[in-house]
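The block underneath contains the structure these notes are about, expressed in structure tokens.
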Amino acid sequence: MTARLSAGIRLVKAIEKAVPPGWEFDAADRLVLASIPAAEDRRTALTALFDAETGRPSPSAHKATALAGEVRQIEAMIAKWQAALSRWSRGA
């Protein structure tokens, strides 16, 4: 039985696949790539908690707001990392 890849690993694989032929990530890029799986897995888990909370008949505004804020922060950080890794698209 094949182990299912986490959302974080799938995201890193998608980023690596987007690299143009001949491009190689440097050591700094590899450090960024190493940070992405845990952050994406955390974002996925927090999004599921947010969805569960907001799907309740009487959701807690405090919990929903806290979860939404955490998800937004992680999304912003992942977007920043992806931009840093996309130097090839800016002609670096």
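Residues of the range 50-78 that are out of contact with any Lys or Arg (no Cβ under 8 Å at 6 or more places or on another chain) and either within 21 Å of L5 (Cα to Cα) or part of a loop (DSSP other than H, G, I, E, B) (or both): G55, R56, P57, S58, P59, S60.
Remark: pairs (first residue in the range 1-28, in contact (Cβ under 8 Å) with a residue 40 or more places away in the chain and farther than 21 Å from D41 by Cβ; second residue hydroxyl-bearing (S, T, Y) and surrounded by 14 or more Cβ atoms within 10 Å (Cβ to Cβ); Cβ separation under 7 Å; 6+ apart in sequence or on different chains) are absent.
Residue-level analysis places A39 outside the set of residues that are within 12 Å of the chain's Cα centre (by Cα) and exposed (fewer than 12 other Cβ atoms within 10 Å of the Cβ).
Would the range 4-19 turn up any residue that is in a loop (DSSP other than H, G, I, E, B) and under 12 Å from the mean Cα position of the chain (by Cα)? Looking for residues that are in a loop (DSSP other than H, G, I, E, B) and under 12 Å from the mean Cα position of the chain (by Cα), one finds at least one in the range 4-19, hence yes. Within the range 69-81, residues that are closer than 15 Å to D41 by Cβ reach partners that are assigned to a helix (DSSP H, G or I) and among the hydroxyl-bearing types (S, T, Y) with beta carbons closer than 8 Å, at six or more positions or on different chains, in the pairs V71/T47; W81/S35. Looking at (1) in a loop (DSSP other than H, G, I, E, B); (2) in contact with a helix residue (DSSP H, G or I) (Cβ under 7 Å, 6 or more places away or on another chain), find the lone condition where E24 falls short. Status for E24: all satisfied but (2).
We did not get these values from a lab; they are worked out from the coordinates using the rules stated. None of the values given here were measured: they were computed from a predicted structure. Note that each Cβ is placed from the backbone with ideal geometry, even for glycine, and that neighbours are counted across all protein chains shown.
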